[in-house]
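J.: First the structure, which I've put down as structure tokens, then a few questions once you've had a look.
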Amino acid sequence: MKKKVVVFLCSLMAVMSLVACGKGSSKDDSIEREWSGVYIGEDGSTLILCEDGNGWLNGGTPENFEIEWEIDDDEITITCDRFKELVIDIDGKDPDDKISVDKGKNGENWNDEKFKRTELYEED
């Protein structure tokens, strides 16, 4: 039952975040647009990357963390107050491939986790 509540909260957070993300983006960088989306982790975490470099991370708990992200070379770097730096190696990867969110230099309290991009709705 507890797991169903967490999944429901994560899904609700993802839908609400998508509404808040896409439309008001001031950044016009195609690589950020390409990688933006909702990613679900194998351990139940949810990662939302918005085109404007903001987003949310939920580690499977009721608490959501607002994040900032950027692409530099072949890595996506995620920063927020709770997790100082998380890194996704995207060298040779496509946004629909499984990606691994790993601890960066200061990414304490985060277990490395593989994520898969998820489509929540289809655009016309």
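J.: Taking the residues in segment 62-78 that are open to solvent by 50 Å² or more (accessible area, probe 1.4 Å) and out of contact with any helix residue (DSSP H, G or I) (no Cβ under 7 Å at 6 or more places or on another chain) as candidates, determine which candidate is farthest from Arg33 (Cα to Cα). Give the steps one after another, and end with the answer.
T.: The first filter runs over segment 62-78 and keeps only residues open to solvent by 50 Å² or more (accessible area, probe 1.4 Å), leaving 62-64, 66, 68, 70, 72-75.
Now drop any that are not out of contact with any helix residue (DSSP H, G or I) (no Cβ under 7 Å at 6 or more places or on another chain), which leaves 63, 66, 68, 70, 72-75.
On the way: Glu63: 26, Glu66: 18, Glu68: 14, Glu70: 11, Asp72: 14, Asp73: 16, Asp74: 15, Glu75: 15 Å.
Of everything passing the filter in segment 62-78, Glu63 is farthest from Arg33 (Cα to Cα).
J.: Looking at Ser26, is it part of a strand (DSSP E or B) and either farther than 20 Å from Arg117 by Cβ or at pLDDT 85 or above (or both)?
T.: Answer is no for this residue.
J.: Given the conditions (1) closer than 12 Å to Phe115 by Cβ; (2) surrounded by fewer than 22 Cβ atoms within 10 Å (Cβ to Cβ); (3) modelled with pLDDT of 90 or more, report the number of the one that Leu47 does not fulfil.
T.: (2)
J.: Checking the structure you have, find out if any residue of segment 35-58 is among the β-branched types (Val, Ile, Thr) and over 11 Å from the mean Cα position of the chain (by Cα).
T.: The answer is no; no qualifying residue exists.
J.: Sticking with this structure for a sec: Does any residue in segment 69-82 that is closer than 15 Å to Ser30 by Cα come within less than 7 Å, Cβ to Cβ, of a residue that is among the small types (Gly, Ala, Ser) six or more places away or on a different chain, and which pairs are these?
T.: Trp69/Gly53; Trp69/Gly55; Glu70/Gly53
The values are calculated or read from the model by the stated rules, or taken from the named source; none is laboratory data. Treat the numbers as computed from the prediction; the structure is a model and nothing was measured. Cβ atoms come from the backbone with ideal geometry, glycine included; neighbour counts cover every protein chain shown. Please note that ligands, DNA and RNA were not included when accessible areas were found on the heavy atoms of the full protein model with its side chains. Shrake-Rupley method; radii C 1.70, N 1.55, O 1.52, S 1.80 Å.
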